[in-house]
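The values are calculated or read from the model by the stated rules, or taken from the named source; none is laboratory data. All values derive from a computational prediction rather than experimental measurement. Neighbour counts are summed over all protein chains in view; Cβ atoms, including those assigned to glycine, are modelled from backbone coordinates with ideal geometry. Note: areas computed on protein heavy atoms with side chains; ligands, DNA, RNA excluded. Shrake-Rupley method; radii C 1.70, N 1.55, O 1.52, S 1.80 Å.
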Number of protein chains: 2
Amino acid sequence: MLKAYRGDIIFTPTPQEFSVLEDGFVLVEDGTVKDVVGSLGAEYAEVPVIDRSGCLIIPGFNDLHVHAPQYPQAGLGFDCELLPWLDRYTFVDEARFADPDVAERWYRRFLVDLWQAGTLRFSAFATLHTASTWRLMELAQESGLRPLIGKVNMDRNAPDSLIESTAQSLADTETLIHRAAERTPNVGFIVTPRFVPSTTPELMEGLGELVAHYHLPVQSHLDENRSEVAWVRDLHPDIPTYAQVYEHYGLMPRGRTVMAHCIWLNDAERALLRDRQVTVAHCAQSNLNLQSGIMPARRYLDMGLQVALGSDVAAGHVLDMTRHIVMSIEASKALRFIPGHEDERPLRLAEAFYMATKQGGSFFGRVGSFESGYDFDALVVREGDNLLDLSVEERLERFLYAKGGAAIEERYVDGALVPRPFAEKE
Amino acid sequence: MLKAYRGDIIFTPTPQEFSVLEDGFVLVEDGTVKDVVGSLGAEYAEVPVIDRSGCLIIPGFNDLHVHAPQYPQAGLGFDCELLPWLDRYTFVDEARFADPDVAERWYRRFLVDLWQAGTLRFSAFATLHTASTWRLMELAQESGLRPLIGKVNMDRNAPDSLIESTAQSLADTETLIHRAAERTPNVGFIVTPRFVPSTTPELMEGLGELVAHYHLPVQSHLDENRSEVAWVRDLHPDIPTYAQVYEHYGLMPRGRTVMAHCIWLNDAERALLRDRQVTVAHCAQSNLNLQSGIMPARRYLDMGLQVALGSDVAAGHVLDMTRHIVMSIEASKALRFIPGHEDERPLRLAEAFYMATKQGGSFFGRVGSFESGYDFDALVVREGDNLLDLSVEERLERFLYAKGGAAIEERYVDGALVPRPFAEKE
């Protein structure tokens, strides 16, 4: 059925500039964008109009890297760097998710707060626990959001409370792959080795076979921290680079891989990631919190890497993607004060918005834009009245910087209005 | 009269560490902190207890640099640097404040949102308009907050809509000095030359005389942007540094001066600011937004400069000081990736919190701590339940990073509960 959504429409078909239609209409047929038009001509006289005049209508946000079980620890421990932070906070937190009741309670909150923030699609790490991960997948299915979720695999260099045998890890992964395929049509399974240091070669090899056999996507961490890069070199002296370890074990399927951080990529790795059409999840807030570094976003864009955004909760401290859009811009400005980077133009608003919408959305299909044929994933935003005469683009900027996710009034996924999840149970 | 506030008490008597009392009491007599105790002994058996068990009780926030009339433009124009941004947004916005009705409407919102964010004291630039500035001072008096407010002076290098004669600027300033002394006991006047490029030598000299005569504090901008520094050098070739221009004209009274930004201070300027006991308003968010630079906070602290925090709205995009505490830490982490700064330890949470509370508060008197003799300026915060067993310090960190000003439940200024301003008129 055809519908028209009326409002001030803004999106980014390309990273270079916004496409804007003030007081226009998005025509949506069976959940898919058919056209964006300035007025409804005679042929559309009968089309029902959902009138959001005065509001911004923008694509939904996509978070390409988030750790669902870490949500309870968001905002903790930032006087630490990565490896001590993992030991002192993350592993203690994740171990609590062995209990499915803990998982149930906190995963509900996680999903509600993603909904609140307008994050309609995301790629999440769970924990290694099969029952709790399955709870997250069921709850996500119920929420109306459309994520990819992975059980974390870790069979080495992990604390006793968070380690599994290689065989069990593979068997549990395959169980969840089947269950998701049968029972959660809107929630996909993504293969999720935590990172190279916590997965043995045998486990990576087994996961690579699952990826090939079931044609699955993969997510992991890459080149986040210089100590971590050195550690991988020690663990895999026969493989030239960290990125190639994933490739070697079949964990970099072309166009179906997301790698978080990618701060310290060398030339060979950049070329490999481009060749494999890897989505880089740029986690600018996390990268400062844990003093990991500043990812050279401009260089990556210039060479054709696909850069999307990740909140990386809980190394990032908030889910709200407006904050990550802004932080990616701020980080690109900070980078210019580092010698050798002075001439790298900071990210412009349109580029950062593109990363959070169309680039991130492309990992999920035709998502993140209002071009014809895209899923209608949309947010209705009321950013408040203005003293100055502002363009639609300026109102979007004010929403992203000064108002944030709290200004979102409605969320649509694939053409369906998504109400607050679990509202009847609160 | 003596009262006791019960809760989880945390504050920073020094920047080095938090003082914490879980489930303790702040004893307050006639608005002033008398003591912080773990239990109420027999001598306090009759003292009324305001029971906020389970909540954090922390000092109020102090914002040492904010432009009240720029609040409507918060979050706009950050694809620009400072000087084009001023032309395209700020001067257009500020010119609208010639109309006292515009001022009335937007200054109310500004004050309500500061209250919401727990900013109980602040030092604000208004515009050059006398009537509108006086409206801000009256509204601030009514709000229950305790700011310093200055009419901006600008008689050169400003657009036609925002320029005044030297004589008028001085006369209007003196009018407001008198009016504030007579009618707004909780709102002080602060002399506010916009910055050297927009004030002639004659105006600066006249303002210096007012400062000396009325024993007033001063606020301005200093060394924000390298183009601005070069401009000041061209304007005042006979004075060796930018900071010394203010000093030369009597605009750096010892212990009563706040200078915003101070990114590019040279050695002579650093020594001068230390000697004059200048409060540096560190505006880390603004400094990235406008690509001004990253202030070397650690170096300044190590040499004994007094560093407080400023939101610098609207070059900073939010009022909420929790965001500026976090951003000051993030900026100090970014700085370490710049050669020559690798060994500068990033700001720790306690240091950044100290800047926003006790250091900033010292500009207003004995404010920003719960040591004996301090004004009881306090926030009651309910940061939500926790999965992990968290210390009071960790709960504070989670509030500052992940929850923000929205988690503040009550605000006390000088011992008095401050209700939402103007509530009856909304």
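Would you mind calculating the gained length between A:Asn186 and A:Met1 on full extension (0.36 nm times residue separation, minus the Cα-Cα distance), in nm to one decimal?
Here the segment from A:Asn186 to A:Met1 would lengthen by 64.5 nm.
P(r) for chain A: what percent of alpha-carbon pairs falls in each 20 Å bin, starting at zero?
Bin by bin from 0 Å, the calculated values are 27, 58, 14, 0.
Run down the lysines and flag those whose C-alpha is under 20 Å from the C-alpha of A:Lys358, throwing out any fewer than 8 positions away in its chain.
By straight Cα distance, A:Lys358 reaches A:Lys34.
Ordering B:Glu383, A:Glu22 from largest to smallest accessible area (1.4 angstrom probe), what's the sequence?
Of B:Glu383, A:Glu22, the descending order of accessible area is A:Glu22, B:Glu383.
Give me the distance in nm between label points sitting 7 Å out from Cα along the Cα-to-Cβ direction at A:Ala268 and A:Ile163, one decimal.
3.0 nm
Could you let me know the centre-to-centre spacing of the range B:75-97 and the range B:131-150, using Cα atoms, in angstrom?
24 Å
Please compute the contact order of chain A in relative form: average sequence separation of alpha-carbon pairs under 8 Å and at least six residues apart, divided by the residue count, as a percent.
22 percent
Which value does Rg/Rh take for the range A:287-426 over its C-alpha atoms, Rh per Kirkwood?
Value, to two decimals: 0.99.
Rounded to a whole number, what % of the accessible area of chain B do carbon and sulfur atoms account for, probe 1.4 Å?
C and S atoms contribute 46 percent here.
Enter the accessible area per residue of the range B:269-426 (Å², integer; probe 1.4 Å; all protein chains in place).
The answer is 29 Å² per residue.
Can you pull out the GluC sites (Glu not before Pro) in the range B:35-116 whose DSSP state is coil and whose Cβ has at most 13 other Cβ atoms within 10 Å?
B:Glu46
The range A:238-354: D in µm²/s via Stokes-Einstein (Kirkwood Rh, Cα pairs, 25 °C, 0.890 mPa s)?
168 µm²/s
Please compute how much accessible surface disappears when B pairs with A, both sides summed, using a 1.4 Å probe, and round it to the nearest 100 Å².
By this definition, chains B and A bury close to 4600 Å².
Using 0.36 nm per residue, how much length does the chain from B:Arg226 to B:Leu40 gain when fully extended, once their Cα-Cα distance is taken away?
Extending this stretch completely gives an extra 61.4 nm.
What is the magnitude of the charge dipole of the protein assembly as shown about its Cα centre, with +1 placed on the Cβ of each Lys and Arg, -1 on the Cβ of each Asp and Glu, and no other charges, expressed in debye to the nearest 20?
Roughly 60 debye, rounded to the nearest 20.
Would you be so kind as to identify which of A:Gly293, A:Phe61, A:Leu83 lies farthest towards the positive end of the dipole of the range A:61-364, taking Lys and Arg as +1 and Asp and Glu as -1 on Cβ and the Cα centre as origin?
Selected residue: A:Phe61.
May I ask which residue of chain B has the beta-carbon nearest to the axis carrying chain B onto chain A, and at what distance in whole Å?
Nearest-to-axis residue on chain B, with distance in whole Å, is B:Ala334, 2.
May I ask for the distance between the Cα centers of the range B:303-336 and the range A:341-361, given as a whole number of Å?
24 Å
Rounding to the nearest 20 debye, state how big the charge dipole of chain A is about its Cα centre with +1 on each Lys and Arg Cβ and -1 on each Asp and Glu Cβ.
In total the dipole reaches around 80 debye.
Roughly speaking, what is the centre-to-centre gap between the range A:379-409 and the range B:375-396 when only Cα atoms are used, to the nearest Å?
What the calculation gives is 31 Å, centre to centre.
What does the structure give for A:66-73 when I average, per residue, the other chain Cβ atoms found within 10 Å of the residue Cβ?
2
Among A:Gly373, A:Ser391, A:Phe363, which residue has its Cα positioned farthest towards the positive end of the charge dipole of the range A:359-426, with +1 placed on the Cβ of Lys and Arg, -1 on the Cβ of Asp and Glu, and the dipole taken about the Cα centre?
After comparing all options, I get A:Phe363.
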